[in-house]
1. Test of understanding: among C:Val5, C:Val20, C:Val13, which residue is within 13 Å of chain A (Cβ to nearest Cβ) and touching a Phe, Trp or Tyr at 6+ places or on another chain (Cβ under 7 Å)?
2. Does the range B:191-199 include one or more residues that are part of a loop (DSSP other than H, G, I, E, B), out of contact with any Leu (no Cβ under 9 Å at 6 or more places or on another chain) and within 7 Å of another protein chain (Cβ to nearest Cβ)?
3. Of the residues in the range A:222-238, how many are surrounded by 24 or more Cβ atoms within 10 Å (Cβ to Cβ) and farther than 21 Å from A:Ala196 by Cα?
4. For the range B:55-71, does any single residue satisfy the condition of being among the basic types (Lys, Arg) and under 20 Å from B:Gly203 (Cβ atoms)?
5. Can you name every residue in the range B:192-211 that is more than 23 Å from B:Met133 (Cβ to Cβ) and crowded, with 24+ Cβ neighbours inside 10 Å?
6. Name the single residue, out of those in the range A:271-304 being among the basic types (Lys, Arg) and more than 26 Å from A:Ala98 (Cβ to Cβ), that is surrounded by the most Cβ atoms within 10 Å (Cβ to Cβ).
7. Considering (1) more than 8 Å from chain C (Cβ to nearest Cβ); (2) buried (at least 24 other Cβ atoms within 10 Å of the Cβ); (3) outside any helix (DSSP H, G or I), say which one A:Cys363 fails and leave the rest.
8. In the range A:397-408, which residue that is assigned to a helix (DSSP H, G or I) and either more than 8 Å from chain C (Cβ to nearest Cβ) or touching a residue at least 40 places away in the same chain (Cβ under 8 Å) (or both) is surrounded by the most Cβ atoms within 10 Å (Cβ to Cβ)?
Amino acid sequence: MSAEFDRKIHDTLADANLQLAIYKATGQLKDDRIRTTADSVLPDYQELRTQANALKKHTIDNLDHYLEEFQRNVEAHGGKVVYCKDATEVSDFVLDLAKRRGARLIVKSKSMTTEEVDLNQRLAHHGMESVETDLGEYIVQLAHDRPYHIVAVSMHKTRYDVADLFTKELGVVRETVPEKQAQIARAVLREKFLTAGIGISGANFLIADSGAVVLVENEGNARLTTSAPKIHIAVAGIEKVIPRAADLPVFLKLLGRSATGQPLSVYTSFLSGPRRAGEVDGPEEFYVVLLDNGRTKLLPDRSRRESLYCIRCGACLNACPVYRKIGGHCYPWVYSGPIGAILTPQFMGVSHEPGLPFASSLCGACGEVCPVKIDIPKVLLELRGEVRKSEAREGLNRLEKLAFRVFAWVMTHPRIYEMAGRMAASMAPAGDGKWIGSLPSPMSVGPLKAWLRERDLPPSPPKSFREMWRNR
Amino acid sequence: MSRENILHKVRTALGRSAGQAVALPPPVRLRLPEVAMEDRIATMRARVEALAGKTARVPTMEAAREFVAGAIAGKTAVASNAPYLVECGISSLPGVRSGIREVGELMAVCAQADIGITSADYALSDTGTLVMMASPAEGRLVSLLPPAHLAVVPRERILTGLDELFTILPDPAALTSSMVLITGPSQTGDIEQTLIRGVHGPGEITVVIVG
Amino acid sequence: MGNRVSLFVTCMVDQLFPKVGMAMADVLERLGYAVDFPEEQTCCGQPAYNSGYRAEARTVARHFLRTFEASETIVVPSGSCTAMVTHHFQDLFQKEPETLALVRAMEKKVHEFATFLTDVAGVEDVGARMDGVATFHDGCHGLRELGIRSAPRRLLARVKGLKLREMAPAEECCGFGGTFAVKFAELSGAMARTKIDAIVATGADTVVSLDPSCLMQIQGALSRAGLNIRTMHMAEVLASR
């Protein structure tokens with residue numbers, strides 16, 4: 001792994017307050033999910049997962065068809081679809097539209113896809129004011145920081161961090177009570193909602209047969225973002241499509257529960273096109289930006305393709321014993337946790353962070369809780385194989401490769417295996433049956449040293465099993 | 001153009017050709033439970049109240065009017081143009097601004113009002129949800145900008161849940177540019193997982209069931 | 001099924017925890033099984049597989065297939081090694097149909113020890129006795145790949161003198177993960193410490209598991225923390241009289 005990855009992990013593990021915050025927040029979300037997907041509460045939970053997986057599989061396997069159907073229906077309802085291949089095309093489109101309409105202020109609701117393309121930074125660079133309106137995202141934006149978690153973006157900020165931030169960035173008197181802090185943000189953002197020229201949202205789902213964008217939230221900022229300004233732009237990865245409106249209940253039943261333990265999130269908006277004739281309010285213009293940004297790279301391989309089923313619920317983060325220790329910022333890209341560990345190498349190439357697929361004990365908790373049944377451990381294993389192939393090509397990590405070659409040779413030659421075992425046992429301290437806390441320094445190298453940093457070693461038994469068996 | 005480029009990449013990756021037919025998707029899965037109206041009403045009320053919303057049940061439209069008059073006493077209220085509210089005599093209550101058809105005015109009034117009064121197209125009892133479709137009768141902002149929301153719903157409109165909604169309404173986009181499902185007051189847990197209501201939508205929600 | 005079983009003790013039991021293998025043989029023999037130990041056995045290849053060295057994993061897997069070709073029933077004191085054979089071998093040989101056929105046949109013959117007792121031998125009470133308070137640690141591969149949840153608990157419930165207490169949170173990884181334990185040592189250590197906090201909270205004096213690798217991680221952490229809690233493999237508990 002890169003030195004940076006190693007260092008970030010170390011720093012996060014060493015921060016006791018952060019450790020507590022991460023573990024507590026993810027523990028709460030995990031318990032909430034368990035409570036609302038229990039057999040007694042949602043008896044068809046497993047059936048819903050199977051159906052959701054089947055729907056995603058069918059859609060992704062026929063993605064071009066559904067994208068075209070989606071576009072036709074968006075246009076039939078008076079909206080426009082814009083395909084963008086990368087971050088630059090997205091910001092170019094937004095900037096061009098803003099310029100033509102004379103809009104300078106943009107309000108944004110939560111969208112990991114827009115984080116992926118650094119949209120706010122690009123817009124700011126060109127003199128636009130683009131304000132995040134989800135409370136957590138607003139806090140993260142003011143702090144010039146990155147989301148910590150797909151759902152609980154500001155879990156790493158305490159109320160005192162927020163107090164400092166608001167005083168510094170908003171010039172308000174220091175306030176440490178969360179309810180009051182929220183009111184401060186509400187007042188500031190209300191003004192932005194009502195004066196912004198453009199509202200940019202993400203999309204939880206794109207409905208092909210309706211040309212609709214579905215937004216799921218708890219605050220109401222996405223509703224405001226997409227109702228108050230005259231222009232609404234929804235930015236979505238091409239993989240967000242599902243075939244029919246009638247498929248939505250399956251996904252909604254899984255999303256709220258998997259993410260936060262809510263049978264339904266507070267607001268679900270089903271938006272198709274600008275306001276219709278006779279409707280009193282709503283945007284006059286409606287655009288859906290369909291983003292590739294590397295998604296097409298994940299399509300060719302049948303099992304990697306599954307990575308695109310993700311509905312961004314965050315359940316895998318909350319279940320992951322690794323995420324619950326290292327948090328969101330150790331991951332090198334916007335997506336963290338198990339889903340981040342499989343998306344990042346596929347989008348950025350395995351060399352971007354070669355340690356990432358290995359930062360997992362392969363416990364399988366992620367695959368078990370994924371509402372769309374992505375086999376995350378399977379993809380991690382495949383990516384590990386890819387890292388090794390890439391290393392072999394570049395002549396890296398030769399020593400480890402050699403070690404495993406030797407391992408395979410030893411393990412296919414039982415006499416040699418037995419001899420190697422006896423040799424190791426004779427060198428190891430017997431510890432008179434007690435576990436070993438340290439080894440003399442010539443022996444304390446590599447894996448042994450790493451092991452001993454954190455826990456004791458088992459003592460070497462006087463005889464191996466096969467020796468005992470022979471002497472029975 | 002990026003459209004052709006991206007679609008081409010998609011097709012190539014999937015081994016599909018342009019315009020190629022698609023096998024049938026998995027059949028739609030909607031399960032309709034049989035639930036008596038009285039049970040639906042009871043469940044609806046229980047769910048809304050579990051989310052810290054308020055509910056009331058009144059026998060007649062007249063009673064609904066009286067209830068709302070009490071609820072808005074001393075407050076500035078804005079009502080949507082829902083015919084049901086007109087029928088109940090709620091739109092014409094003193095202190096209620098209604099009949100607004102222009103978006104600028106609607107935004108200004110809603111931004112100042114203490115409470116927004118609407119009806120609802122449907123309610124979903126198993127989750128305590130209001131279903132609101134934008135139309136000449138219902139603007140989006142009435143249930144969104146004011147810090148409190150009060151919805152008056154005749155009981156016939158209470159469905160069992162999402163599955164029933166999408167069974168009777170498989171194509172919401174044919175009817176409206178915006179269908180919103182509202183389940184409880186606006187809430188966030190973004191500061192130390194502390195539950196805070198009313199940022200940014202209404203922090204108080206009241207559902208009045210008529211009949 | 002017959003009454004003959006072959007032991008695949010695993011390289012870890014062979015070299016580090018031989019008493020686990022002896023205990024397993026003891027329990028099986030008491031139940032009337034004739035037990036053999038094919039001497040050519042070494043490892044299932046999991047370390048290479050998990051580290052991304054698929055060719056090397058294949059080599060070791062082929063050796064396993066050869067070693068146990070003649071065995072009708074193979075019992076394994078490890079959830080993760082069992083799962084390697086029954087779930088992951090097929091992944092290695094997708095491009096070799098002949099070997100894949102051998103793998104499919106082998107999948108049916110290999111059994112994790114606790115579920116062999118409950119599901120194949122059909123017993124829950126093996127006549128064991130051990131005084132104390134135990135908590136059971138679900139190894140991840142056994143739990144999620146083999147679906148093992150109730151079998152070990154049913155077996156422990158029949159051990160005379162033993163009280164069982166459940167950990168909370170249950171089902172969280174101990175942090176071993178094979179080479180993960182040394183490649184991400186600090187992280188693995190942090191996960192181990194969270195696990196032992198949960199263990200201590202149960203008040204148990206013994207931690208039981210189906211997996212020697214988990215036990216090594218947990219015991220290593222308990223020992224480092226100076227805690228007087230012991231770890232035992234299910235086979236050792238069931239062999240206790």
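The values are calculated or read from the model by the stated rules, or taken from the named source; none is laboratory data. The shown structure was predicted, so the numbers you read here are calculated from the model rather than taken from an experiment. Neighbour counts are summed over all protein chains in view; Cβ atoms, including those assigned to glycine, are modelled from backbone coordinates with ideal geometry.
1. Of C:Val5, C:Val20, C:Val13, the one residue that is within 13 Å of chain A (Cβ to nearest Cβ) and touching a Phe, Trp or Tyr at 6+ places or on another chain (Cβ under 7 Å) is C:Val13.
2. yes
3. 1
4. Checked against the condition, which is being among the basic types (Lys, Arg) and under 20 Å from B:Gly203 (Cβ atoms), the range B:55-71 yields no hits at all.
5. B:Val199
6. Within the range A:271-304, the match that is surrounded by the most Cβ atoms within 10 Å (Cβ to Cβ) is A:Arg304.
7. (1)
8. A:Ala403
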